[in-house]
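Here's the structure, in structure tokens; my notes come after.
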Amino acid sequence: MNSRLLLFVIISAFIFNIGSPDLYAQKAKKNKARLNVQYVKIMDGEIYFDIKASARIKKKTVKISGIEINIFNELEDERIDLGKTVTDMDGESRFVLKSLNEIKPDSSNTYNIVVSFKGNESFKKAKKSISFKDAIIEAKIITKDSVNYISAILTDTETKNPIVDESLTVQVQRLFKPLRIGEEFNNTDEDGTIMVPVEEGIPGIDGNLTFEVVLNESDDFGTVKAMVTGSIGVPIVDESTFDQRTMWSPRNKTPVFLLIFPNLLIIGIWGFIVYLILNLFKLSKS
Amino acid sequence: MKNYDKILKDLTPRKFNKLGIIWTSLLIVVIIAGLIAYIDQLIKGQVVTNMRDYALWGIYISNFVFFVATSFVGTVIVAFLRLTHKGWRTPLVRIAEIISLACIIMAGITIMIDMARPDRLLNLFIHARLQSPITWDVIIIPTYIVLSFLLLYFPLLPDLAILKKYYKETKPKLSKWYGTFALNWTGSKVQKAIQTKSIKTIAYLIIPVGFILQTVDAWLFSTTYRVGWSSTNMGAYFISGAFVAGVGALITVVYVIRRTYKLEDYITYLHFDKMGRLLVLACLIYLYFNINEYLIPAFLADKEEESHLRLLFFGKYAPLFWFVIIGGLIVPIIVLTFKKGRKPLPMFIMALLVVLGSWWKRYLIVTPTLLHPFLPIQGVPESWRQYFPSLHEWLITGATLAMALLIITMLFRYLPIIPIQRTADENELLKTDKNTES
């Protein structure tokens, strides 16, 4: 009897285990996707959300490319679909708004945005929400006692009140990366203002410098960037020889001396060769 | 004084003997092997060579430089000796002219072999930039080919007319060919005046052109900012090196021809003695430039130069380097300084050493420098940092050398090796106007 029972238990265990999901090794475990979203507002320019998708796989952060992200504007009782975007090879995507009027704030004048990923065969669904209020930066260049300054005022759009004690970054646009000027932290005073002196001698094309005043990833206002251009730099003298006749130019810009002397030499030598060949004809006729 | 008939009998072209046939067949076999390798290179691309991102110039370019250098013999022997009225040049000039023509033709062909896409050869002319030394090379090589041909052809005219007459009865077909190329040469005063003037013009012209050719060849290297190449010494260094290679090649060929065609009455000990002195002079000048080329960088001990020189002096290229310097220059200088050393056989051995040294010298100029780039390339296989020619490269290079020798052999087969008319004139055997140019 005992042996029959044992056999029954073994067979049962075997039969029931066939259907166990643990046996299907090919049914891969889905990874958790992570979304990151940043709100960026360029004064007098575009407004966009920079979205990044990533995952931790085997203790390494992996960028998730080619996934569809939906963007919603969340209100108290409503969810407005703003559109969708797809991540690129770096797992990044930018969703651009034509203006802030495209989205609506809640009763506290806070904008609530949700980005979500539905999930796929490799990654679980994910979502991320951000909230921000609208702020503006007004930047200008002023000159005091022959020193140029970047002056900027940070204001809450709704209350029209200056935003106090927020750190703004002031930088000059350069070819590869902006060049920061002033102190490391330029906190706004009670008027929401900062004043950053501009060093002399910063080069710019025709002396033009474009300064950026940036409120960077603020918890309340997101990223706000204002730009101001002024002719207060040192004009760059163009030292390019691109249009000149040089030894390193293409053939249509060969130096004149190199066109004259070698060609004279070639014509001279080949002139003699032609003369010699003519002499051969003369010989055969004489 | 030699009898005219004997001169004719001795100097008119002769059929190949058994050895000649074996020699020619051997050359053809080598050429065919090279041709097969070249077709394979055309099909598969230059991946069949061992040239990679480091050594992008290899044995083809060093062989090309050797051919260009050897072709200088036309300028040295023919033009210099003619313009300085050295009478002993007569039996040597045609051999020098033939070597010169064969080598410069093969230099042109070798450079095409080095091109991965020879079908784009025309682009070198269509898209030429006068700022590039490669363009100067593309211009000067055809110019030197034409001049070398004319330098051979003008003095040949009287001999072709003699051969036309000589073979009229026995070989009428051959006689007709000689007649065609003789351009109705009768030896009239007008013809002689034109010929003399033309040869003088070529002799004057080929000297600057020869110098330009060697200098441009040197500038191909020295205008690139590379260790071992970036040197103001390079132009003169190449000219003196070409002087050595040319005279060395001439002595080697002269010795073989003299023995094969039994020309001991025409190419005497005097000629070997003179050529020996010329070779010593050439080697001494070249040794001086070599000292300049290596001593100053060694003295300055620039980091890159030092590693380059260390590789040459003590590294894996040291056996080759010292063979070139000692075997190819110092030993010939010592041996040929003595009168006994200037006898035909020791001269031949020394000249052979000089030619071998000259060939390997070009290899040493090209390759070690390329293996020392200023910006080492990252992530490349270790084998790319080394260079030794592949079987394809050896076969193709062997074929180009064989082709040059075949051109020389065939021209010796159908042309008088020693100018007949000039030799007869010198012996006052013909009752024509003297001073026929050759």
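The values are calculated or read from the model by the stated rules, or taken from the named source; none is laboratory data. None of the values given here were measured: they were computed from a predicted structure. Virtual Cβ from ideal backbone geometry, glycine too; neighbours counted across all protein chains shown.
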Does A:VAL228 count as in the same structural domain as A:LEU154 (by TED's automatic domain parsing), over 30 Å from B:ILE199 (Cβ atoms) and in contact with a Phe, Trp or Tyr (Cβ under 7 Å, 6 or more places away or on another chain)?
yes
In region A:156-171, how many residues are more than 17 Å from A:ASP219 (Cβ to Cβ) and crowded, with 19+ Cβ neighbours inside 10 Å?
2
State the number of residues belonging to region B:67-102 that are of a type outside the set (S, T, N, Q) and under 11 Å from B:TYR144 (Cα atoms).
4
Hey, B:TYR288 hits all of (1) out of contact with any Ser or Thr (no Cβ under 9 Å at 6 or more places or on another chain); (2) loosely packed, with under 14 Cβ neighbours inside 10 Å; (3) more than 23 Å from B:ILE98 (Cβ to Cβ) but one; which does it fall short on?
(1)
Looking at B:PHE289, B:PHE321, B:PHE313, which one is under 23 Å from B:LEU370 (Cα atoms), touching a Leu at 6+ places or on another chain (Cβ under 6 Å) and modelled with pLDDT of 95 or more?
B:PHE321
Residues located in region A:144-178, provided they are under 24 Å from A:PRO105 (Cβ atoms) and basic (Lys, Arg):
A:LYS160
Quick check on this structure: which one of B:VAL254, B:VAL209 is more than 25 Å from B:THR135 (Cα to Cα), in a helix (DSSP H, G or I) and either within 14 Å of chain A (Cβ to nearest Cβ) or not basic (Lys, Arg) (or both)?
B:VAL254
Any idea which of B:LYS200, B:LYS171 is more than 10 Å from chain A (Cβ to nearest Cβ) and within 20 Å of B:LEU101 (Cβ to Cβ)?
B:LYS200
Which numbered condition in (1) buried (at least 19 other Cβ atoms within 10 Å of the Cβ); (2) under 19 Å from B:GLY341 (Cα atoms); (3) of a type in the set (A, V, I, L, M) is the only one that B:ALA242 fails?
(2)
Within region A:217-230, is there a residue that is touching a Lys or Arg at 6+ places or on another chain (Cβ under 7 Å), of a type in the set (Val, Ile, Thr) and within 30 Å of B:ILE207 (Cβ to Cβ)?
no
Which condition number in (1) within 13 Å of chain A (Cβ to nearest Cβ); (2) under 15 Å from the mean Cα position of the chain (by Cα); (3) surrounded by 20 or more Cβ atoms within 10 Å (Cβ to Cβ); (4) of a type in the set (A, V, I, L, M, F, W, C) is the one that B:TRP185 fails?
(2)
Of the residues in region B:374-402, those that are part of a helix (DSSP H, G or I) and either of a type in the set (Ser, Thr, Tyr) or exposed (fewer than 14 other Cβ atoms within 10 Å of the Cβ) (or both) come to B:GLU382, B:SER383, B:LEU391, B:THR397, B:THR400
Quick check: is even one residue across region A:72-92 surrounded by fewer than 17 Cβ atoms within 10 Å (Cβ to Cβ), within 19 Å of A:ASP220 (Cα to Cα) and not assigned by TED's automatic domain parsing to the domain that holds A:PHE221?
yes
